[in-house]
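Remarks on the structure that follows.
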Amino acid sequence: MGRALKFFVLLAAAVMALAPLPRGTVERVYARGVYPLVQPRLTALTNRTPFAWFDVMLLIAAGSLVALWIVRLSRRRSGALKTIGGLSVDTAAIAAVLYLWFLAAWGLNYRREPLRAQLDFQESRITRERLRDLALRNVESLNSLYDEAHAGGWPELPAVPGVLAPAFLRAQQDLAMTWRAEPGLPKRSLFNFYFTRVSIDGMTGPFFLETLANQSLLPFERSATVAHEWGHLAGYADESEANFLGWLVCMRGSASDRYSGWLSLYFTVIGSLPRGDREELSRALESGPREDLQAIRARIQRQVVPIASRAGYALYDRYLKANRVEAGIRSYAEVIRLLLGTKFNEDGSPVLRR
């Protein structure tokens, strides 16, 4: 890479990081223009391989950097400081290329208009009474769906797209999306060991638009996790918005999918209640759903290394804030505000702004 090209790449990355494009421009040109052309084709392409291209890219990038430093330092013909300075510039240029790739392939979705701007959303609807009603609906749904959901069962991870894809399409129609996002095949990543140790259920590979899933997920966790990651593939980078779309997907699916969706929401909803309401509604939960929730807790406690989990979440919190998600890791719980503040039709679809 020539000096001029390195300078251009570094400058472009710095400009994009420090002086981001206006949200309206990103929404109009990228989120509704460029990204809908890229996502269906790229995800369909990477779905053809069982391995994660995200893993391949990271291994190649890391290996290339290590080799570059070793070779240049061992064959240096000038002073050590000059050689290290040149290597530092080259490393920064490679990082800048990866950052620009990230933005072009998916990352600019962080800078689109918020989903609430498309919905009939009002802050005044977010009240303690509506929160309690949502929690009560959550508990009642888990109780009523438990038998049918367990009787129907859940597909293995590779089979989830074939079962859940129609619900994903319906949820996109609920949001009046003018294009159709391609569902991703839930893949095992080389970083699955890391996922289990820091309690990551899934991840969207931003460079090749893939869905990576924690392979240790319990059967009733799979639909909600995959639906959430598909929310990211649909262009909703914010975690609360991906949670919102993922919940819609589950609600448009089978009894097993709906049960998975409500189960994924339970801890967040109940945890948002005042203590008295929380204890009352927790007691209303029947033994079946209670055992499933306990199984999820047991899985996490068995696998997670607390120090690694705290470090991983701190790193992800910084990543989100660097991409201008002000709530950081707390943005996962912001889905409650979206659910409470949005008006829904009788058929369960969200009411959209005209």
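Taken together, the values in this text are just the output of simple stated rules run on the coordinates, not laboratory data. What you see is a predicted model; the values in this text were computed from it and never measured. Because the Cβ atoms are built from the backbone with ideal geometry, glycine has one as well, and the counts that use them run over all protein chains shown.
Near Phe344, the amide H atoms lying under 5 Å from its own belong to Val351; only residues 5 or more places off or on other chains count, and H is placed 1.01 Å from N. Averaging 1/r over every pair of different alpha carbons in segment 1-132 and inverting the result gives a Kirkwood radius of 18.6 Å.
Length, then width, then depth: along the principal axes, the Cα atoms of segment 60-202 run 73, 39, 33 Å. Each Cα pair of segment 17-95 feeds into the Kirkwood radius, which the Stokes-Einstein equation turns, at 10 °C and 1.306 mPa s, into a diffusion coefficient of 97 µm²/s. Annotation: segment 124-245 has a Kirkwood hydrodynamic radius of 15.9 angstrom, from the mean reciprocal C-alpha pair distance.
If the viscosity is 0.890 mPa s and the temperature 25 °C, what Stokes-Einstein diffusion coefficient in µm²/s follows for segment 173-236 when Rh is the Kirkwood radius over Cα pairs?
In µm²/s, the coefficient rounds to 199.
When the chain is fully extended, how far beyond the present Cα-Cα distance does Leu352 get from Asp120, taking 0.36 nm per residue of separation? Each step should come with its number before you reach the end.
On the way: separation 232, 0.36 × 232 = 83.52 nm, distance 0.51 nm.
Residue separation times 0.36 nm, minus the Cα-Cα distance, leaves 83.0 nm.
Over all orientations, segment 133-173 has a Cα convex hull whose mean projected area works out to 4.0 square nanometres. For the pair segment 202-278 / segment 167-184, the C-alpha centres are spaced 16 Å from each other. Pairwise Cα separations in the chain fall into 20 Å bins from 0 onward with the following percentages, short to long: 27, 56, 15, 2.
Diagonalising the gyration tensor over the Cα atoms of segment 203-275 and scaling each eigenvalue by 5 before taking the square root yields semi-axes of 21, 15, 12 Å, largest first. Roughly how far apart, in whole Å, are the Cα centres of segment 79-122 and segment 134-150? Result: 42 Å between the Cα centres. Segment 64-162: which GluC sites (Glu not before Pro) are DSSP loop and have at most 13 other beta-carbon atoms within 10 angstrom? Filter output for segment 64-162: Glu156. Applying a length cut-off of 15 Å (Cα extent along the axis) and a mean Kyte-Doolittle floor of 0.5 to the DSSP H helices of the chain leaves 3-18, 53-74, 80-105, 239-251.
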